[in-house]
1. Once the convex hull of the C-alpha atoms of the range 290-429 is built, how many Å³ does it hold per residue, rounded to a whole number?
2. Place +1 on the Cβ of every Lys and Arg and -1 on the Cβ of every Asp and Glu in the chain, take the dipole about the Cα centre, and give the residue among ALA422, LEU29, SER334 whose Cα lies farthest towards its positive end.
3. Taking other Cβ within 10 Å of each residue's Cβ, how do ARG518, ARG587, ARG179 sort, fewest first?
4. How long are the semi-axes of the ellipsoid equivalent to the range 490-598, from square roots of 5 times the Cα gyration tensor eigenvalues, in whole Å, largest first?
5. Please provide three numbers in whole Å: the alpha-carbon extents of the range 144-241 along the principal axes, with the largest listed first.
6. Please compute the Kirkwood hydrodynamic radius of the chain from all pairs of different C-alpha atoms, in Å with one decimal.
7. I'd like the orientation of helix 516-527 relative to the chain: the angle between its Cα long axis and the longest Cα principal axis, in ° from 0 to 90, rounded to 10.
8. Once both labels are modelled 7 Å past Cα along the beta-carbon direction, what's the HIS94-ALA34 spacing in nm?
Amino acid sequence: SRSTAVNALSSEAAKPLDDQASRSRLQALNDWVAEVAALTRPDAIHWCDGSDAENDALVARMAADGTLLPLNEDTNPGSWLHRSHPDDVARVEHLTFVCTTAQDAAGPNNHWMAPADAHAKIDALFDGCMRGRTMYVIPYCMGPIDSPLSRCGVEITDSPYVVANMRLMTRMGTPALARIEREGGFVKGLHSIGELDPERRFIMHFPEELTIKSYGSGYGGNALLGKKCHALRIASYQARNEGWMAEHMLIVGIQNPNGETHYIAAAFPSACGKTNLAMLIPPEGYQRDGWKVWTVGDDICWMRPGPDGRLYAINPEAGYFGVAPGTSARSNPSALATIQKNTIFTNVGVTADNQPWWEGLDNGQAPVTDWRGNPYDAAKGPAAHPNARFTVSAKQCPSWSPMAEDPQGVPISAIVFGGRRASLVPLVFESRDWTHGVLVGAAMGSETTAAATGAVGVMRRDPMAMKPFCGYNFADYFAHWLSFDQTGAKLPKVFHVNWFRKGDEGAFLWPGFGDNLRVLEWMIGRVKGEAGGIETPIGTLPRVDDLNLDGVELSDEACAKLFGFEQAGWQAEFESIGEYLDSYGPRMPQALKDEQQRIAARLAG
Ligand code: GTP
Ligand code: SPV
Ligand code: MN
């Protein structure tokens, strides 16, 4: 298919809007496309149908101009390497804005600009920016095409790399356009790679207008507008108005030897283990006993209460945009199997025979070229950028759950919060009730990672792993979370985990990855009222004996730190949590402040 003629993608590809009725139903879309074309001045407009032929032609065009570089067709069939601009390798939180009429609506958790100013600023950048380029119109659906929980959008972009990624990450093309035609409403996303100049780069959100404008970056979270911009920032705003939740969570099904499956949703900050937990391979003993893991989603979860009072979740995405470094046959064999074919690798290194390579791959190969395309030199840094990523269709995952296509979603038994905490925070604890669980999420802290530009390893509050992604004021967001606690609701139990606790030597104390199933088993035991634990002011912790640790060697230091409750440290932590809640002023729900004070008082006395 790589030999497909470059000109197979006609620059004037037929608009699929030729009957009178659909033209009028799609009037808003047609008008907007015309308006954008008048502003950006593309040479051609292409409406994406999502077909294989369209993708083949696009890929051929990108292979011809060097946007995509071929990889070893024997070891990595259908796969390509993309090298981004070296200044464009991660999300840019300082250039990401939520533009609501009132500044308070965006909250101290967001950068804010008045909508009129933001439009003026970014439209000036869009002015004429697509001259000499093709403008692609991408209709997409977030979620199963026939699910009432799904929402559609249209992204306009001048980047064929974005089109190829959106095709893997969303339900893109004709079926999405048909749904937009039926429903009328959609989220508008306008994107241009511009000059890729970090000084001329903005990611702007207009939740009140269901509109996104992104200029100057081709990187995933900044450019694949269906993902963080739509499915989290805009969707979280819509979800609050409509009574549902849009969360930065994986969804995984854990099937026990009796054949019962419990679905767990977990919020960890960027590059803190969601993809890995979503695809975990059970430890040997568990496999022998018949445990199975089903991957529903690895990054985003949309939930709403079902008729039985439980929360039901869908994964709005159709693919994975995962962190490559650290992915190995030992840490995540499922991810490795998933990316053996039809994968776009961004900013990885390559071996002498053109296989993709990254730090931690541990497959006995060595890189010869780094992510910038220079000869690899260990003294000059890693071969793969620390935020190098793979893009791949979810269905290629060996543990992919067919329930990911269920229009009603899956019932959630437990919600898990977690972050990277080198000290204080034990392996796992359970909150007492929903309000306490919301506080546990609101108080989350984690060390920053390479998923966003800026310093790495700095502790910051990242409530519900949504600091970079909540499209409105966190105080209102916590109130929205609290509002689900209603008569008749059968809410999931809420837990907190820390896979990243370090010992005095600086090494991780918990083996992590597949062994995390031991912790999930304890949670399911708690949900069923079967597993034991001890109560502390911060919640219920397992004793070492409450977990199945067959085959795991833990030092005395590891046991003490992973299962211990450190009174003095938590007292200081709760003081800091109190200050954080207070920093939102009177808008912060009193119920959450009361909960913090109750626990602080228990810790003090
Ligand atoms: P985003 O895609 O940025 O939202 O990240 P993510 O939350 O999906 O993180 P991912 O699973 O890709 O993991 C990021 C990094 O953490 C990788 O380098 C992993 O190898 C590492 N990691 C994941 N799980 C564990 C674990 O249980 N223990 C340890 N020590 N490292 C882990
Ligand atoms: C994250 O940073 O949380 C990601 C990658 O999942 S991105 O889509 O770029 O946001
Ligand atoms: Mn993420």
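Coordinate-derived values only; no laboratory data. This one's a predicted model, so the numbers in the text were calculated from it and none came from an experiment. Here the Cβ is made from the backbone with ideal geometry for all residues, glycine too, and neighbour counts use every protein chain on show.
1. On the way: hull volume 22.4 nm³, N = 140.
About 160 Å³ per residue, rounded to a whole number.
2. Result: LEU29, furthest along the dipole toward the positive end.
3. Values: ARG518 23, ARG587 14, ARG179 19.
Ascending Cβ contact count within 10 Å gives the list ARG587, ARG179, ARG518.
4. Working: eigenvalues 165, 72, 30 Å².
They are 29, 19, 12 Å, listed largest first.
5. 40, 29, 18
6. Values: mean 1/r = 0.0403 Å⁻¹.
Mean inverse Cα-Cα distance, inverted, gives 24.8 Å.
7. In the chain, helix 516-527 runs at an angle near 70 degrees to the longest axis.
8. Distance between the two pseudo-spin positions: 4.2 nm.
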